[in-house]
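Some notes on the structure that comes next.
The values are calculated or read from the model by the stated rules, or taken from the named source; none is laboratory data. Computed from a predicted model, the values in this text were never measured in an experiment. Cβ atoms come from the backbone with ideal geometry, glycine included; neighbour counts cover every protein chain shown. Calculation scope for accessible area: heavy atoms of the full protein, side chains included, ligands and nucleic acids excluded. Shrake-Rupley method; radii C 1.70, N 1.55, O 1.52, S 1.80 Å.
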Amino acid sequence: MTPKKYDHGKIEKKWQKEWASKKTYETSDSSDKPKFYILDMFPYPSGEGLHVGHPKGYIATDIVARMKRMQGFNVLHPMGFDAFGLPAENYAIKTKTNPSIAVAKNVARYKKQLEILGFDYDWSREVNTTDPKFYKWTQWIFLKLLEKGLAYESYEPINWCPSCKTGLANEDVEDGKCERCGTPVEKKPMRQWVLRITDYADRLLADLDKLEWPESIKESQRNWIGRSEGAELDFAIKGRAEKLTVFTTRPDTLFGVTYVVVAPEHAFVTELLKHKETLKNRDEVIKYVAQARVMTQIERTDAQKDKTGVKLDGIFAINPANGEEVPVYVADYVLAEYGTGAVMAVPKHDERDAAFSEKFNLPVLDRPFIDRTAVEKAGGKWVVKYKLKDWVFSRQRYWGEPFPVLHDGDKIVPVPEKDLPVELPKVKSYEPTGTGESPLADIKKWVNVNANDLHWTKGEKRPTEARMLKRETNTMPQWAGSSWYYLRYMDPKNNKALVDGAKEKYWNQVDFYVGGAEHATRHLIYARFWHKFLYDIGVVTTLEPFKKLQSVGLIMGEDGRKMSKRFGNVVNPDEIVGTFGADTMRVYEMFMGPFDQAISWNTNGMIGTRRFLERVWKLAERVDTKGQLSKETETLLHKTIKKISEDMAVLKHNTAVSSLMILSNAFEKEAVLPKAEFESFLKLLAPLAPHITEEIWRNLGNKKSIHISEWPVADESKLVDATVTIMVQVNGKVRGSFTAGKDATKEELEKIALGLDEVKKWVGDKTPDKIIVVPGKLVSLVVKL
RNA sequence: GCCGGAGUGGCGGAAUGGUAGACGCGCACGACUCAAAAUCGUGUAUCGAAAGGUGUGAGAGUUCAAGUCUCUCCUCCGGCACCA
């Protein structure tokens, strides 16, 4: 017999222990079953621990994983930790302890918090990006990128955060500010490692079409990649050997060009300034260029600000279409990084050129468009440009993967594969230097490497005779490990390869990936890039890492603001689980609303789901081995099986919960509750509330876990109600209804409808002009009144 | 400015073009109780005494029938943005 009281604390602990000891959720690599790989974006284990918003996505995938397992799939649902990066490092600076200590502590805490929620993770596959056994392969991928010419050193000015004292990728800058700390970024020329993601721009764009991802995320990536088609045109410079190549998406407006503008950083300007005599207003130009250089990105790219610029006095560009001579300006509204850094100005057709022309009193020419042939005749070359920039991949900080690279004077020497991983050494001070060097540069013992100590193989024969080499002291950005971690879960302990070929083939790609939409143009682009690269070098056999993606809507605080310690609106899951139980919290978070939508937490709302589970608990006491359900409820059960199976697969857990409530309400009204049918209900509820269902299931005499039982299948013959309500409309308004057999013919329905008193009242003695009968649904009469 | 998504009771939200507001919260009344909590039951868009009317951001349209489809507009959220 079921014990009287529903004691969630006892029940949840009991089954969590049993599932762990029986390895209920361990995934096998070889199986006749079809595979299903479902993945959560792994968390960054901060010192704050989890708040109730974090597990929302994990609960949702846990539900799908459990359902799929019961449906006979070999399910891979792993979890791990992304632990390199600034928060751990800043904490280390503050406490002067190695970040690995804090990371270990935080990971332990996260795991504990996740465990009490009853997730079905296979912890034997846990990964941690800061584990040398893991980052050995992050470094290995970098070596391959280097080998294929996709990683290179660059000295171009990059985004620099003066507060974090590190260079940043374009993707780490939001509205001209450091994404981490909000400090306006500066441009700083410095040596850095860059990955040639732009080589993959076209594929990253084109392959979006075949992904089952939310349209909004695909669109964000399209915007980020920013493809535009246009032409490059050469403008000769009067009396000089150079020419200016401009990029335009509107080469047809070539006749309307009134001037040419170049970015302050353009090589042509630099060249002109080298010689004193070329420019009449040299001092003015020097001043303008210098001003542009010290501006932050925010100041520079503020579209609201007035156009500024300086004429390159005495310089004229020649329009390749008609030979017209036009002046040349240098202005900061032209960006050096995009296109060719030079633009042909057509004020008639471009707002910015129009604004500039007005300010500088330049003419506006309204001239006919030219056709494609004329463009080509003028020397136009059709090109495609992308806004996407190469990925600035080095950071001047301590807590990241060391680059597996050595410097031999000017030469780059890859660390031999045998010497991977290059382990991050312990340092005395984690403080960033701010000089463009990382704290690693201070550790002479680590930096200086005797070439004879390395394991050169034939293929990697040491390319230098020098005995002492210097290690690269920059580290990789936080995004490195997360760009490929999903592959490691397939084969987490392999020390011979990143992933075994057969295992990769079996697990293929992630079938379903769930996480925050804020990763749209960072993690989700980087991972796609690396995956395509790994495909190109034969490590993976799929073109895309994540087949289907769903984003989680945030859970906001009760005050509607983002949950944060700063606002004091953080709700701790441990407390909620203590009071209401993990099952109640799981059901509540899924029931709150549509999964991808942001929603405010409301602890009171938990009462409803707790009541629901209490009622299920009581229902179990009424289970009978004899008897049967009413026809009506039997049909409802089969409809519910069908609906839940569909809803859960696409994370519509809110409506799944609702239909389970409806079914349990119907069960309560039944005179007898047959065991088989109640067990079907339990199985449907099991993914949502794994503990209480397991307890009831075992109390009903089942020996094996409900979570490895078979998922119910709806009986087609029991899906249709024996009788249906047919409603009757007169001129589009509902005037009555009646019940009829499910197989009643159109003629029968029409006859009954016309005979109804409430219908006669509206139709009178007139003959309907039109009668529409939808069997099983309605009769609609059209009568001229 | 360009692109994507969304606007439904007091609240969270349901609704293959076919009875709008499922399910839950809250609220009201009732039962149980000395009383309260918990629990259970009934009710709960709105105007109207009723018959009936009106209602899914606003306005038009298509249709026997529109929350759902089409067009125009408004508001909110998200992405991109001096990107030529």
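Summary table below
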quantity	calculated
Hull volume in cubic angstrom per residue (convex hull over the Cα atoms of region A:224-294)	131
Reachable aspartates and glutamates, given that their alpha-carbon falls under 18 Å from the alpha-carbon of A:K305 and they are not under 8 places away in the same chain	A:D175, A:D332, A:D350, A:E351, A:D353, A:E358
Among beta bridges that DSSP assigns inside chain A, antiparallel share in %, nearest 5	70
All aspartates and glutamates inside 18 Å of A:K642 as judged from Cα atoms, apart from same-chain residues fewer than 8 positions distant	A:E632, A:E634, A:E677, A:E679, A:E710, A:D715, A:E716, A:D721
Electrostatic dipole magnitude of chain A [Cβ: Lys, Arg +1; Asp, Glu -1; Cα centre; debye, to 20]	1500
Long-range lysine pairs (8 or more apart or interchain), region A:62-186, Cα under 23 Å	11
P(r) weight above 18 Å for region A:633-743, C-alpha pairs, percent	58
Normalised alpha carbon radius of gyration of region A:197-324 [divisor 2.2 N^0.38 Å]	1.38
Solvent accessible area, Å² - A:W123, 1.4 Å probe, full protein context	60
Principal-axis tilt of helix A:215-225 within chain A, Cα atoms, nearest 10 degrees	10
Nearest-20 debye value, region A:647-785 charge dipole, Cβ charges on Lys, Arg, Asp, Glu	420
Under 11 Å, Cβ to Cβ, from A:E431 - net charge with Lys/Arg +1 and Asp/Glu -1	+3
Region A:113-184-region A:1-48 distance, computed between alpha-carbon centres (Å)	30
Evaluated at q = 0.22 Å⁻¹: base-10 log I(q)/I(0), Debye formula over Cα of region A:645-691	-0.80
Environment charge at A:A451 (Cβ cut-off 10 Å; Lys +1, Arg +1, Asp -1, Glu -1)	-1
Whichever lysines have a C-alpha closer than 27 Å to that of A:K238, once near sequence neighbours (fewer than 8 apart) are set aside	A:K274, A:K276, A:K280, A:K287, A:K307, A:K311, A:K348, A:K359, A:K377, A:K381
Pairwise Lys count, region A:437-543 - Cα closer than 21 Å, eight or more residues apart or different chains	10
Radius, Kirkwood style, for chain A when every pair of distinct Cα atoms is counted (Å)	31.2
Cα lying deepest toward the dipole's positive end in chain A, options A:L279, A:W762, A:T584, charges on Cβ	A:T584
Chain A - accessible surface per residue (Å², probe 1.4 Å)	46
Accessible surface of chain A [probe 1.4 Å, protein heavy atoms]: carbon and sulfur percent	51
Solution diffusion estimate, µm²/s, Stokes-Einstein, region A:319-369, Kirkwood Rh from C-alpha pairs, 10 °C, viscosity 1.306 mPa s	131
Top positive-direction residue, dipole computed over chain A with Cβ charges, set A:T635, A:A689, A:I662	A:A689
Ranked by how many other beta carbons lie within 10 Å on average, peptides A:101-108, A:714-721, A:249-256, A:684-691 from highest	A:684-691, A:249-256, A:101-108, A:714-721
Relative contact order %, region A:233-316, counting alpha carbon pairs below 8 Å whose residues are six or more apart	27
Within region A:619-664: Cβ-based charge dipole about Cα centre, in debye rounded to nearest 20 (Lys, Arg +1; Asp, Glu -1)	100
Alpha carbon centroid spacing (whole Å) that separates region A:243-284 from region A:516-576	43
Region A:58-99 versus region A:598-677: alpha-carbon centroid distance in Å	31
Farthest toward positive dipole pole in region A:478-597 [+1 Lys/Arg, -1 Asp/Glu at C-beta], among A:G516, A:P594, A:T542	A:T542
Cysteines (scope chain A) whose Cβ has no counterpart Cys Cβ under 4.7 Å	A:C181
Region A:260-321: radius of gyration over Cα atoms, expressed as a fraction of 2.2 N^0.38 Å	1.22
